[in-house]
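Nothing in this text is a laboratory measurement; each read-out follows from the coordinates by a stated rule. Values in this document were obtained by computation on a predicted structure and should not be read as measured data. Here the Cβ is made from the backbone with ideal geometry for all residues, glycine too, and neighbour counts use every protein chain on show.
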Amino acid sequence: RHSAGELMEHGIRLNAVNVGWCNTPSEDALQQEQSGPDWVVAAESVFPTGKLLEPEDVAVTVGWLLSDGASRVTGTCVDMHPELVPGCLPRQFGAAADCK
């Protein structure tokens, strides 16, 4: 946020997109190695959204941040973690209770 404030006077906006698990070939390879071939089904069963992020989901968000519609947005981080809900973690992420 500090850097965004400094850059704002030069007409530069600075934002970030924090992506959790996303259904990409590299994530798929890593997760299959660590969790097995059904990792997507297992992950989606505990995500509060019930859906793994797709690259297109991230692209839409980045596209919006680059658009005129977000021209007043700076110094923010968009968290795109389908596995997390504020203040609540599914069991395999260390929570005592399921978040659904």
Amide H contacts under 5 Å for V17, restricted to residues at least 5 apart in sequence or on another chain and with H modeled in the peptide plane, are V78
Of the candidates N18, A4, V60, the farthest towards the positive dipole end of segment 1-64 (Lys/Arg Cβ +1, Asp/Glu Cβ -1, centred on the Cα centre) is A4
